[in-house]
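The values are calculated or read from the model by the stated rules, or taken from the named source; none is laboratory data. None of these values were measured; they are calculated from a predicted model. FYI the Cβ positions are ideal-geometry reconstructions off the backbone, even for glycines, and counts take in every protein chain you see.
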Amino acid sequence: MALFSGKRDGAKEWHGRSAELEDAGVKPWQVVWEALAVPVPDPGGGAMAPLGLRGLHVGGRGDPTSTFHGERHGRWVQIRQIDLGRGGLQMVVWVGADSPPFAIATSDGRFVAQAAPALIARQSRAHVWNDMECHGGPFGIIAHRAVTTNQPQGWMYDLWLAEALAAGTPPLPPLPGDPAEWTLPR
């Protein structure tokens, strides 16, 4: 069984074409997953290998914390699932791009931004953006949100957005040490 099963009508045609998605929020998550796929995934890379990511720490029963890491489009990328306690989880997408400073929040599926790139103005109002925040600067681009039953695949949209915002910015060098131990900037 695939990691994310479900109806995929028309999704395969988007395989590896995330840069061509102009407004991912209006697409079903299956299309976004296919669009984010890398051309040649690591055959032993696990469930996130189709996205070019490997599990540095993969949570399980009693420990839902997970960290996935890899290189995509010439930049390092991390996706983290963080245990907030009391059953709460947060997904964080961190893309290694030296970005101009910006801050984006959402309100009722619409972006509310300060110094945001033009890409933000082209995004449609969509429920997939609810409760997402994104910040950029010399530390990279970070998008985060609480995991909800209404939008468990929200991190896929966040990865698309962070990489789209990173387009044309210089990549950041990897931080020193083990990527599993990197500290998220605040």
Test result for I79, closer than 15 Å to C134 by Cα, crowded, with 17+ Cβ neighbours inside 10 Å and over 12 Å from the mean Cα position of the chain (by Cα): no
Selection count, the range 132-154, where residues are in contact with a helix residue (DSSP H, G or I) (Cβ under 9 Å, 6 or more places away or on another chain) and crowded, with 18+ Cβ neighbours inside 10 Å: 12
For W155: the one exception among (1) closer than 28 Å to E20 by Cβ; (2) in a helix (DSSP H, G or I); (3) out of contact with any Lys or Arg (no Cβ under 8 Å at 6 or more places or on another chain): (3)
Some residue of the range 37-44 being of a type in the set (V, I, T), modelled with pLDDT under 90, touching a strand residue (DSSP E or B) at 6+ places or on another chain (Cβ under 7 Å) and not in a strand (DSSP E or B): no
Single residue of H57, H15 found to be under 30 Å from L175 (Cβ atoms) and not aliphatic (A, V, I, L, M): H57
Where a residue in the range 136-164 is free of Cβ contacts under 8 Å to residues at least 40 places away in the same chain and its partner, wherever it lies, is among the small types (G, A, S) and part of a helix (DSSP H, G or I), with Cβ under 8 Å and at least six apart: T148/G154
Single match in A105, A113, A121 (criterion: farther than 24 Å from Q30 by Cβ, touching a helix residue (DSSP H, G or I) at 6+ places or on another chain (Cβ under 8 Å) and not in a loop (DSSP other than H, G, I, E, B)): A113
Test for D98: is it within 25 Å of H127 (Cα to Cα) and out of contact with any Asp or Glu (no Cβ under 6 Å at 6 or more places or on another chain): no
Residue ID - surrounded by the fewest Cβ atoms within 10 Å (Cβ to Cβ), chosen from residues in the range 25-57 that are touching a residue at least 40 places away in the same chain (Cβ under 8 Å) and among the small types (G, A, S): A47
Hits in the range 63-75 - residues which are outside any loop (DSSP other than H, G, I, E, B) and exposed (fewer than 15 other Cβ atoms within 10 Å of the Cβ): D63, E71
Residues of the range 95-129 that turn out to be closer than 26 Å to L175 by Cβ, crowded, with 22+ Cβ neighbours inside 10 Å and out of contact with any Cys (no Cβ under 8 Å at 6 or more places or on another chain), as a count: 4
Condition check for G88: surrounded by fewer than 17 Cβ atoms within 10 Å (Cβ to Cβ), touching a Leu at 6+ places or on another chain (Cβ under 9 Å) and either at positive phi or of a type in the set (G, A, S) (or both): no
Qualifying residue in the range 76-95 (condition: of a type outside the set (A, V, I, L, M, F, W, C) and part of a helix (DSSP H, G or I)): no
